[in-house]
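Some notes on the structure that comes next.
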Amino acid sequence: MTNLEIYQFNCRPDNFGLLVHDPEIGVTASIDTPDGDAINQALEEKGWTLSHILLTHHHYDHVDGNAALKKKWGAVIVGNEADAARLPEIDLTVKCGSPFQFGAHEVRFIDTPGHTIGHVAIHFAEQKLLFTGDALFSLGCGRLFEGSARQMLQSLNTLAALPDETVVYCGHEYTQSNAAFALSVDPENEQLRARANEIDQLRAKGLPTLPTTIGAEKATNPFLRAGDAGIRAVLGMADADDVAVFAEIRQRKDSF
């Protein structure tokens, strides 16, 4: 089976556009549609034909280009069956955990409620590729607009259980600000400090900080580290349960 090609580019002020291309079959998917014009420009640059749109959730900055791209390309829009009513122009609904085909590749939606109730991550298991939308960010996670802290922690734990080498693409370039916050609650983490320095260097050159990996996030992302003794000491929550610790980290990030 051929490897998938990933093209990441800027959409809107801080969204990422993401195209997934199977060079053998010739199919191309857009992961969400933050900006139809930017996605069309990226397709033209690569010489690819858009065949699919795979959606993580219903927020406007992830579905804004659905109608225009579907009209131009006839692309099949695929989304979570449980949230289909909020996904504009949807053609194919899929249950979380059930496989569907993208060219020769099997894809599954992973249920990741928290940011929204119907949020999913998009997983290409054989290729160890994961598209997390606004659930898991590099060094962060999405705000809890609809779900609870318990739901989001479970969602993140589900993603953290994937192989460490899984390559992660997310929906926004938030990593530098996330790193500053992460250091405020995990200041003794040497891997985090080193990663924050690398991130500063990348951003100073105008380069993206993504993709990341599940292994890197488990080592440095405080939202995946609610059980860490050092973070708990900083928070003064040594004996609290993981959900309470996670909720405190999320609340502090909201006002950071």
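Brief remarks on what is shown
- Looking across 25, 31, 6, 39, one residue alone is of a type in the set (A, V, I, L, M, F, W, C), within 19 Å of the chain's Cα centre (by Cα) and more than 22 Å from residue 67 (Cβ to Cβ). It is 6.
- For the stretch 16-42, a residue qualifies if it is closer than 14 Å to residue 210 by Cα and crowded, with 22+ Cβ neighbours inside 10 Å, and the qualifying residues are 17, 18.
- In the stretch 159-184, the residue that is farthest from the chain's Cα centre (by Cα) out of those that are polar (S, T, N, Q) and crowded, with 19+ Cβ neighbours inside 10 Å is 178.
- Residue 138 passes every criterion in (1) under 16 Å from the mean Cα position of the chain (by Cα); (2) small (Gly, Ala, Ser); (3) not assigned by TED's automatic domain parsing to the domain that holds residue 227 apart from (3).
- Residues located in the stretch 223-254, provided they are free of Cβ contacts under 8 Å to residues at least 60 places away in the same chain and closer than 20 Å to residue 132 by Cβ: 225
- The set of residues in the stretch 13-33 that are touching a helix residue (DSSP H, G or I) at 6+ places or on another chain (Cβ under 6 Å) and in contact (Cβ under 8 Å) with a residue 40 or more places away in the chain comprises 15, 30, 32.
- Number of the condition not met by residue 34 [criteria: (1) more than 17 Å from residue 173 (Cα to Cα); (2) at pLDDT 95 or above]: (1)
- Scanning the stretch 15-48 for residues that are closer than 24 Å to residue 123 by Cβ and not in a strand (DSSP E or B) gives 23, 24, 25, 26, 32, 33, 34, 39, 42, 43, 46, 48.
- Scanning the stretch 49-70 for residues that are part of a helix (DSSP H, G or I) and either under 19 Å from the mean Cα position of the chain (by Cα) or buried (at least 16 other Cβ atoms within 10 Å of the Cβ) (or both) yields 60, 61, 62, 63, 66, 68, 69, 70.
- From the list 4, 54, the one residue that fits, being in contact with an Asp or Glu (Cβ under 9 Å, 6 or more places away or on another chain), modelled with pLDDT of 95 or more and either of a type in the set (Ser, Thr, Tyr) or within 20 Å of residue 167 (Cα to Cα) (or both), is 54.
- Members of the stretch 94-139 found to be in contact (Cβ under 8 Å) with a residue 40 or more places away in the chain and among the small types (Gly, Ala, Ser), listed by number: 103, 104, 114, 118, 121, 133, 135, 138
- Residues that are farther than 17 Å from residue 131 by Cα and not charged (D, E, K, R) were ranked within the stretch 1-15; the one that is surrounded by the most Cβ atoms within 10 Å (Cβ to Cβ) is 2.
- Subset of the stretch 195-215 that is surrounded by fewer than 19 Cβ atoms within 10 Å (Cβ to Cβ) and among the small types (Gly, Ala, Ser) - its residue that is farthest from the chain's Cα centre (by Cα): 204
- Against the conditions (1) in contact with a Lys or Arg (Cβ under 8 Å, 6 or more places away or on another chain); (2) of a type in the set (A, V, I, L, M); (3) surrounded by fewer than 17 Cβ atoms within 10 Å (Cβ to Cβ); (4) part of a helix (DSSP H, G or I), residue 219 satisfies every one except (1).
The values are calculated or read from the model by the stated rules, or taken from the named source; none is laboratory data. Being a predicted model, the structure only gives us computed values, none of them experimental. Here the Cβ is made from the backbone with ideal geometry for all residues, glycine too, and neighbour counts use every protein chain on show.
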